[in-house]
1. If I filter the range B:14-50 down to residues being within 14 Å of chain A (Cβ to nearest Cβ) and in contact with a helix residue (DSSP H, G or I) (Cβ under 7 Å, 6 or more places away or on another chain), which single residue comes out as nearest to residue A:40 (Cα to Cα)?
2. Across the range A:39-55, what is the total count of residues that are touching a strand residue (DSSP E or B) at 6+ places or on another chain (Cβ under 6 Å), surrounded by fewer than 23 Cβ atoms within 10 Å (Cβ to Cβ) and not in a loop (DSSP other than H, G, I, E, B)?
3. Just to be sure I understand, how many residues within the range A:20-36 are surrounded by fewer than 23 Cβ atoms within 10 Å (Cβ to Cβ), within 12 Å of another protein chain (Cβ to nearest Cβ) and modelled with pLDDT of 95 or more?
4. Quick check on my filter: what residues within the range B:77-110 are more than 23 Å from residue B:21 (Cβ to Cβ) and more than 14 Å from chain A (Cβ to nearest Cβ)?
5. For the list (1) away from chain B (no Cβ under 14 Å); (2) out of contact with any helix residue (DSSP H, G or I) (no Cβ under 8 Å at 6 or more places or on another chain); (3) surrounded by 15 or more Cβ atoms within 10 Å (Cβ to Cβ), I need the number of the one condition that residue A:58 fails.
6. Pick from the range B:51-65 the residues that are touching a strand residue (DSSP E or B) at 6+ places or on another chain (Cβ under 9 Å) and facing another protein chain (nearest Cβ under 8 Å): which of them is farthest from residue A:116 (Cα to Cα)?
7. Kindly establish whether residue A:48 is closer than 15 Å to residue A:130 by Cα, touching a helix residue (DSSP H, G or I) at 6+ places or on another chain (Cβ under 8 Å) and within 14 Å of another protein chain (Cβ to nearest Cβ).
8. Is at least one residue of the range A:63-83 loosely packed, with under 15 Cβ neighbours inside 10 Å and either assigned to a helix (DSSP H, G or I) or at pLDDT 90 or above (or both)?
């Protein structure tokens, strides 16, 4: 299946916005509702930010973003990096109930990623983190 | 994102409009910091025209909240709707901020 999108860029802050906006453009072209487009935007921003900030200890490495329609008609984005192993589907959340001063602030992005994607799946293959974010066009509320 | 501001009584009211993300949050933080440097201690952040906030934006608001507190000041939030309210809720931040429906209600609370 031909990907709708396949971009590889250095995982740096300046590339968050163009990558995220490429994902958002596909959601828009797919006829997603305004709300679902915003959910795609938010989930992809959080996933990208996580790679940009944490994947590469020496600060250099690539991130790739691709997108297909899967067999079920869902929009599936795949984010790949070769950094340290990290599974956002298993990571601790920010820890609700702690005071604002004590919360694991880094976990907030993971909470937003999990909340806004309809489904997330992670695998570690050949030294790569491969995170899939799936969105169902019929979904109103994840 | 666009930033609008007004002053009522001795309160600086900052209204970010559009999208507060990893890129634009710095504009908000700079404006807030300039207020602190100019001696402002009472702030209302009116989110009623914000339609997107990511974790970077949430962190920016939280940092401002703490800085205001460190100056014995206060920062109140108002006008949270839709996905912005949801982001505050999902992140757990909503339980730590007192929020108000609109600027007038927040002003009355200060």
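1. Within the range B:14-50, the match that is nearest to residue A:40 (Cα to Cα) is B:21.
2. Of the residues in that region, 0 qualify.
3. Adding up the residues that qualify gives 2.
4. B:100, B:101, B:102, B:103, B:104, B:105, B:106, B:107, B:108, B:109, B:110
5. In the conditions (1) away from chain B (no Cβ under 14 Å); (2) out of contact with any helix residue (DSSP H, G or I) (no Cβ under 8 Å at 6 or more places or on another chain); (3) surrounded by 15 or more Cβ atoms within 10 Å (Cβ to Cβ), residue A:58 misses (3) alone.
6. That would be B:65.
7. Working: closer than 15 Å to residue A:130 by Cα: yes; touching a helix residue (DSSP H, G or I) at 6+ places or on another chain (Cβ under 8 Å): yes; within 14 Å of another protein chain (Cβ to nearest Cβ): yes.
Yes; evaluated as a whole, the condition is true for this residue.
8. No, there is no match, as no residue in the range A:63-83 is loosely packed, with under 15 Cβ neighbours inside 10 Å and either assigned to a helix (DSSP H, G or I) or at pLDDT 90 or above (or both).
The values are calculated or read from the model by the stated rules, or taken from the named source; none is laboratory data. A quick note: this is a predicted structure, and the numbers were derived from the prediction, not measured. With ideal geometry, Cβ positions are generated from the backbone for all residues, glycine too; neighbour counts draw on all protein chains shown.
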